[in-house]
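In what follows, a single structure is set out as structure tokens and then discussed.
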Amino acid sequence: MRQEDQDHIVNLFPAIRQIGNDGIREKIIRAWYNAWKRGNFPRIEDVHQFEPARDRIAYTNVDHTNQVCRVCEQMGEILAAMLNLRLNRDYLLAGAVLHDVDKMVIFDARSGGLTERGRRLPHAVMGAAMAREEGLPEEVAHIIGAHSFKFSPAPPSTIEALLVRHVDHVVAQSFYLSKGLDMEKVLGEATAAQGKQ
């Protein structure tokens, strides 16, 4: 991986800079780089928050991820202070930065539908596997694997995972509502339209 690619990924996802552990930071960058190279999107920033809905709403995966990171960081600080919790900030931010990394490989840039890989292994499960492949801590893989209400095989078992799961959902739904759209309806219609193609 070239230095310019590393710098580009860090610039896309500023929360990476806030992670104290150098090894975790490097593995996050590598996870995004490898996802990009495995998929068929020209750039990381070309991936939509939900590819089948890309013609219905302008919302990139990068924007969504950064929103989730910011809310997780702020909410984590509030909860830690209010409830006297010991959160692992590096794990929380790593999970937030990577929670949708698999969208690079489960979606097809040309059709907006699922790739063969995406049909075989569901979202969240794929992302957790990608984190494990990079050698990230199991706690980070759990955050990614447990973040989806629809696709995660098991619920969150840590506060960090619980935060990412709920923040992801609230941020996405809030964005759709701010545009006057019902997220579940848009996603359902987009998925149904993909099935007819």
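The values are calculated or read from the model by the stated rules, or taken from the named source; none is laboratory data. What you see is a predicted model, and the numbers here were worked out from it, not measured in a lab. Glycine gets a Cβ as well: all are built from the backbone with ideal geometry, and neighbour counts include every protein chain shown. Note: accessible area is taken over every heavy atom of the protein model, side chains too, but ligands, DNA and RNA are not part of it. Shrake-Rupley method; radii C 1.70, N 1.55, O 1.52, S 1.80 Å.
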Inset, instruction - Name the single residue, out of those in the stretch 12-51 being within 21 Å of GLU138 (Cα to Cα) and part of a loop (DSSP other than H, G, I, E, B), that is least open to solvent (accessible area, probe 1.4 Å). - result: ILE19
Inset, instruction - Considering only the stretch 126-197, give the helices (runs of 4 or more DSSP H) lying wholly within it that have at least 2 residues that are over 23 Å from GLU73 (Cα atoms) and β-branched (Val, Ile, Thr). - result: 183-196
Legend entry - Members of the stretch 92-106 that are open to solvent by less than 10 Å² (accessible area, probe 1.4 Å), within 18 Å of PHE41 (Cα to Cα) and outside any loop (DSSP other than H, G, I, E, B): LEU98, MET104, VAL105, ILE106
Inset, instruction - Within the stretch 156-167, identify whether any single residue is open to solvent by less than 40 Å² (accessible area, probe 1.4 Å) and either of a type in the set (Val, Ile, Thr) or closer than 22 Å to ASN34 by Cβ (or both), and answer yes or no. - result: yes
Inset, instruction - Can you confirm whether the stretch 70-91 contains a residue that is open to solvent by less than 10 Å² (accessible area, probe 1.4 Å) and under 17 Å from HIS166 (Cα atoms)? - result: yes
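Is it the case that ASN66 is among the polar types (S, T, N, Q), part of a loop (DSSP other than H, G, I, E, B), out of contact with any helix residue (DSSP H, G or I) (no Cβ under 6 Å at 6 or more places or on another chain) and closer than 30 Å to LYS185 by Cβ?
The answer is no for ASN66.
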